[in-house]
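Mind having a look at this structure? Questions to follow.
Derivation of every value follows stated rules applied to the coordinates shown; laboratory data play no part. Keep in mind that this is a model prediction, so the values were computed, not measured. Counting neighbours? That spans all protein chains shown, and the Cβs are built from the backbone with ideal geometry, glycine included.
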């Protein structure tokens, strides 16, 4: 018998990606106990999900790629299920009352692979020459664990992952245990801060572990010398960003450099991942280093409530590039703002920053236009109120979700007047002002 979800329970309500994420419940915790065999690219194990129903549930759905399912239990009792596409539909033996806490345990196995998308390339779990990486933004989390794949459903995590002994595992959270048995090592990580599924990550490879001071660098031996130059100013970055945005929001920060090429760096909670091509010993890509670090405040601690608010992630991280350039002796933020305002991508009509559309989520207009908006706001308010605003923004919404309306309301309070015309001209029009 096919399990039928409650009406709308298999859709998140997200304005851009409603088919990813699910209604009817909120996840409190994920406990993942997995094993990965790199040579066979085989992932197996179990996921235990603790959730609370936000409506009466006779059935519900989770997001999960096409793994082989061994068993599904709800609160310790076998449940019926169907699994098509990336939706696992579960019908528990007994309905769940609104407000009721329940657990779902899923045993699964298979060969994880990224999702190919026309707009964002491959996202999710991906094999490397030696090991694997996870790059889940925006919809890649179900490629390796069952989840409610929406940025607003943040939960805590415990991840145990067993791999062959030569490999190092770097995962979202603090390493709390590491034990060896025969030819394998089991790594256990805890993420106590609420975290969106797309920001949970695993990196597996042959890495040297280097203390950078306030961060750890995981890098192949052949790239170590150059990487120490390219990431050597990480302690200075932390001092600068904490001055602008307030205390670093997590206990750890891991920088992983894979031995493979990556087009773009990858952000995760308490982590950033770079490819071998981002390392040259000349700090050529330092703007990307500070951009990914800024996401720990903007995107990770403060996570968008809906994907249409993506400029709150990318505009803020891009503006941090400009602030760091100025602070480290490069071009001033004002010079960079003028240069990028005159760039072709910012001319004429383009995606509206407050609603760029699915295909415009990661466009240059969102990144650079978002940074231009912040620079214009800085000039509107003055430096002291502007940076006080950013510190209150990160403090008030620490480890929660945010919207554009939240930010514009706080900015108006710092201005002491309505900023409706200002934000309409920058965020809600197809042509950016001068």
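By its C-alpha gyration tensor, with a ≥ b ≥ c as the square roots of the eigenvalues, how is the range 49-162 shaped: rounded for a/c under 1.5, else prolate for a/b larger than b/c, else oblate?
It is prolate, given that a/c is not under 1.5 and a/b is the larger ratio.
Need one word for the range 303-427: rounded, prolate or oblate. Basis is the Cα gyration tensor (sqrt eigenvalues a ≥ b ≥ c); a/c below 1.5 gives rounded, then a/b vs b/c decides.
Cα axes put the range 303-427 in the rounded bin.
Here's another thing I want to ask about it. Nearest 10 degrees, 0 to 90: what angle lies between the long axis of helix 234-245 and the longest principal axis of the chain (Cα atoms)?
80 degrees
Another one. Give me the distance between the Cα centres of the range 45-88 and the range 211-256, rounded to whole Å.
38 Å
Could you work out how much longer the chain between residue 405 and residue 165 gets when fully extended? Use 0.36 nm per residue separation minus the Cα distance between them, nm to one decimal.
81.5 nm is the gain from fully extending residue 405 to residue 165.
Another question, then. Looking only at the range 114-133, which residues have a backbone nitrogen under 15 Å from a spot 7 Å from the Cα of residue 37 in the C-beta direction?
Within reach of a label on residue 37, which here means backbone N under 15 Å from a point 7 Å along Cα→Cβ, the range 114-133 contributes nothing.
Can you tell me the Rg and the Dmax, both Å, for the Cα atoms in the chain?
For the chain, the Cα-based Rg and Dmax read 21.9, 67 Å.
Mind giving me the nanometre distance, one decimal, between the label points for residue 236 and residue 338, set 7 Å out from Cα along Cα→Cβ?
Here the answer is 2.5 nm between the modelled labels.
Which angle between 0 and 90 degrees, to the nearest 10, do you get for helix 404-415 versus the longest principal axis of the chain when only C-alpha atoms count?
30 degrees
Ok, one more. So what is the relative contact order of the chain, in percent, for Cα pairs below 8 Å that sit 6 or more residues apart?
Relative contact order for the chain comes out at 12 percent.
Compute the distance in nm between two label points, each set 7 Å from the Cα along the Cα-to-Cβ direction, one at residue 109 and one at residue 417.
6.8 nm
Along Cα→Cβ, 7 Å out, is where each label goes; now give me the distance between the ones at residue 190 and residue 392 in nm to one decimal.
3.5 nm
Only helical DSSP H runs with n ≥ 4 go in: add -39500 (n - 2.57) per run for the chain, normalise by residue count and round the 222 nm mean residue ellipticity to 500 deg cm²/dmol.
-7500 deg cm²/dmol
Over the range 303-427, what is the relative contact order in whole percent, taking alpha-carbon pairs under 8 Å and six or more residues apart?
Over the range 303-427, the number comes to 33 percent.
Test of understanding: in a Gaussian network model of the chain with alpha carbons linked when under 10 Å, which of 357, 23, 70 would top the mean-square fluctuation ranking?
Among 357, 23, 70, the largest mean-square fluctuation in the Gaussian network model of the chain belongs to 70.
If each residue's Cβ is checked for other Cβ atoms within 10 Å, how do 204, 266, 69 rank with the fewest at the top?
Placing the least packed residue first, the sequence is 69, 266, 204.
Neighbour counts of other C-beta atoms within 10 Å: give me 193, 66, 98 arranged from fewest to most.
Ranking 193, 66, 98 by Cβ neighbours within 10 Å, fewest first, gives 98, 66, 193.
Tilt of helix 364-381 relative to the longest C-alpha principal axis of the chain, in degrees (0 to 90, nearest 10)?
That helix lies at roughly 50 degrees to the long axis.
In what sequence do 257, 188, 90 fall when counting other Cβ within 10 Å, fewest first?
Starting with the residue having the fewest Cβ neighbours, the order is 188, 90, 257.
Cβ neighbours within 10 Å, averaged per peptide: list 149-156, 292-299 in order, most packed at the top.
Highest-to-lowest ranking by the protection proxy: 292-299, 149-156.
Considering only 269, 346, 203, give the residue with the highest GNM mean-square fluctuation for the chain, with springs between Cα atoms whenever their separation is below 10 Å.
Of the options given, 346 has the highest mean-square fluctuation.
Here's something else I'd like to know. Relative contact order (percent) for the range 21-62, with alpha-carbon contacts under 8 angstrom and 6 or more residues of separation?
51 percent
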